[in-house]
Amino acid sequence: MVEHNIKEGMVFDFKKLTSPSDSCANAGSPELYYLISTPAIIHMMIEASSQMLDDLLPKDYITIGTYVDITHENPTLVGEEITLSIKVVKINGNELTLEYTGLDRKGIFCKGNYVRRIVNKNKLMENTFKRFSE
């Protein structure tokens with residue numbers, strides 16, 4: 001197991017002013033261009049989790065996502081400032097379970113769980129290249 005400074009109960013708030021790149025632009029319906037897409041929320045979860053966790057690890061380690069559970073409960077407009085509130089709810093060896101809630105100025109728009117694993121960056125890349133060289 002990797003020594004780190006991540007603790008159960010830690011909370012991190014990630015704030016972002018959403019932009020057109022976060023929209024449902026490729027959903028096929030122009031009306032949806034004004035709404036934040038579920039894939040954009042997942043991308044924000046990845047960014048927020050990395051900001052929260054990776055600086056608390058030894059320099060050769062990062063966290064990577066292994067499981068995402070998302071409920072996109074309410075629409076959010078492009079241009080709104082959102083907050084993803086992330087909490088470490090369980091640490092099991094090198095596996096971290098995060099609970100998150102997405103808030104806009106009208107309340108909750110998404111929530112769910114996200115599992116990330118602590119890995120050595122070099123071994124991750126080595127194993128990836130090995131997998132594709134066979």
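Miscellaneous remarks
- Candidates 8, 47, 3 - the one that is more than 15 Å from the chain's Cα centre (by Cα), within 17 Å of residue 100 (Cα to Cα) and of a type in the set (Asp, Glu): 8
- The set of residues in the stretch 2-15 being surrounded by fewer than 16 Cβ atoms within 10 Å (Cβ to Cβ) and on the phi < 0 side of the Ramachandran plot consists of 2, 3, 5, 7, 8, 11, 13, 15.
- Of the criteria (1) touching a residue at least 60 places away in the same chain (Cβ under 8 Å); (2) in contact with a Lys or Arg (Cβ under 7 Å, 6 or more places away or on another chain), which one residue 99 fails: (1)
- Once the stretch 34-81 is narrowed to residues that are of a type in the set (Phe, Trp, Tyr) and surrounded by 15 or more Cβ atoms within 10 Å (Cβ to Cβ), the residue that is farthest from residue 118 (Cα to Cα) is 34.
- Top-ranked residue of the stretch 36-56 - restricted to ones that are touching a residue at least 60 places away in the same chain (Cβ under 8 Å) and not β-branched (Val, Ile, Thr), ranked as farthest from residue 23 (Cα to Cα): 53
- Considering the conditions (1) surrounded by fewer than 20 Cβ atoms within 10 Å (Cβ to Cβ); (2) more than 16 Å from residue 6 (Cβ to Cβ); (3) among the β-branched types (Val, Ile, Thr); (4) in contact with a Phe, Trp or Tyr (Cβ under 7 Å, 6 or more places away or on another chain), residue 108 is excluded by exactly one of them, (4).
- Looking across the stretch 50-70, the residues that are in a helix (DSSP H, G or I) and under 12 Å from residue 98 (Cα atoms) come down to 50, 52, 53.
- Residues in the stretch 87-132 that are aromatic (Phe, Trp, Tyr) and either part of a strand (DSSP E or B) or within 26 Å of residue 40 (Cβ to Cβ) (or both): 100, 109, 114.
- Residue, farthest from the chain's Cα centre (by Cα), within the stretch 71-86, restricted to residues that are part of a strand (DSSP E or B) and touching a residue at least 40 places away in the same chain (Cβ under 8 Å): 77
- Filter result for residue 4 (in contact with a helix residue (DSSP H, G or I) (Cβ under 6 Å, 6 or more places away or on another chain) and free of Cβ contacts under 8 Å to residues at least 60 places away in the same chain): no
Every read-out reported here was derived from the displayed coordinates using simple, explicitly stated rules and does not represent laboratory data. Being a predicted model, the structure only gives us computed values, none of them experimental. Here the Cβ is made from the backbone with ideal geometry for all residues, glycine too, and neighbour counts use every protein chain on show.
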